[in-house]
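The values are calculated or read from the model by the stated rules, or taken from the named source; none is laboratory data. Everything quoted here is computed from the prediction, not taken from an experiment. Here Cβ is always computed from backbone atoms with ideal geometry, including for glycine, and neighbour counts include all displayed protein chains.
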Amino acid sequence: MTEVESITPDALDALERRLAEVEAYLHIEEKRGRVDELERLSAAPGFWDDAERARSLMAELASARGDVEAVDGARSQLADARAALELASELGEDEGADDLVAEASQDAAALARAVDALELTSWFTGEFDHGDAILTIKPGQGGLEAQDWTFMLFKMYMKYCARKGWKVTVNDCPAAEQIGIDRATITVEGKDAFGMLRAEAGVHRLVRISPTDAKKRRQTTFAGVEVIPVLPDDIDIEVAPDDIRVDVYHASGPGGQGVNTTDSAVRVTHLPTGIVVTCQNERSQIQNKAACMQILKARLYELELQKREDKLDEIRGPKTEIGFGNQIRSYVLYPYQMVKDLRTGVETSNVDGVLEEGDLDPFVIGYHRWATGNAEAEA
């Protein structure tokens, strides 16, 4: 629910019930106490003597405080909407009643959006859902077109992350020989980044008139999106020095331009598994190697989960060929314009809003509502 069509006391009651359910699920009263406790701890002498512990507690404080403030804000919007509606009812047909009803409508619409966002947070029950994410895009079937499609998706996710206020580090984004990029790997830091972005894991299909075809024929191309979590500091994955090979080379970016003239880009190959990670964002070999190792450890952790539990889909979804029949979402630019998620049925004709402006929230929220509903049905 993102809008309230007709503002009535019953409609506000329904929103209040949803808000109460979210408050209970998020344990808001417990978090209020935890916020007070953490604020006292952070003000105590010697708090920063153990910097690692201090950073962890401050991150917990920011998360708990954010949830409490969001609920308090929603409660305030609910009170404002009720007050405006009650005053409008008292005025009856008097001048100004319509303005109060309009004000109540705006408050209720804002409240509905806030409850939507809080519900989404309450659905994130995975171990890493509230943390950061590593997102990788790779071209699939479609040749040169797939490399161009990979670049389009890369720009779409950069826009989406900017809309969410997340910090993005581009770890790797080498230009293809003719158009587009060979792949892209980014690290996304922000509240619920992994929980939100795991909705995007899978095969994405594009249908359009080929920009490289002189006969202007319709072309279908594919790209795959992988999303894995950035591992918290308390999860340590051992990587033996003898198990990796480190290669360095010149960095380059989209469009073929040289990023620098030194061998700063790093490629790390994990010999036992064959996993290859490349990073070229930083100008220092040391920084790029550190970024590679972070991504490698996340992928090794994922691999270990698969071996132990055979539940890889909990992290990034089942492995499928990046081609026909496996897509999670279709982006059609010709002969009509439509973006449709094939899992949830969420669709829009505003293709530019999705691809050019990164307006992905309807698809992300729709996915999690669909996934939560399926989980409850199976329980």
*Quick one: what pairs do we get from the stretch 236-248, first residue surrounded by 14 or more Cβ atoms within 10 Å (Cβ to Cβ), second assigned to a loop (DSSP other than H, G, I, E, B) and acidic (Asp, Glu), C-beta under 7 Å, 6+ apart or different chains?*
Val248/Asp263
*Restricting the stretch 143-153 to residues that are crowded, with 22+ Cβ neighbours inside 10 Å and not small (Gly, Ala, Ser), the residue that is nearest to Arg198 (Cα to Cα)*: Leu153
*Taking the stretch 162-181 as the search range and keeping residues that are without any contact (Cβ under 8 Å) to a residue 40 or more places away in the chain and under 23 Å from the mean Cα position of the chain (by Cα), which one is nearest to Met152 (Cα to Cα)?*
Val168
*asked:* Being in contact with a helix residue (DSSP H, G or I) (Cβ under 7 Å, 6 or more places away or on another chain) and within 30 Å of Thr344 (Cβ to Cβ) is true for just one of Gly195, Gly180, Gly224. Which residue is that?
replied: Gly180
*Inside the stretch 215-250, can you point out the residues that are in a loop (DSSP other than H, G, I, E, B) and either within 23 Å of the chain's Cα centre (by Cα) or closer than 20 Å to Tyr331 by Cα (or both)?*
Lys216, Arg217, Val230, Leu231, Pro232, Asp233, Asp234, Ile235
*Would you check if Arg205 is without any contact (Cβ under 8 Å) to a residue 24 or more places away in the chain and in the same structural domain as Ser349 (by TED's automatic domain parsing)?*
no
_Residues within the stretch 180-216 that are surrounded by fewer than 24 Cβ atoms within 10 Å (Cβ to Cβ), basic (Lys, Arg) and touching a Lys or Arg at 6+ places or on another chain (Cβ under 9 Å), tallied_ = 3
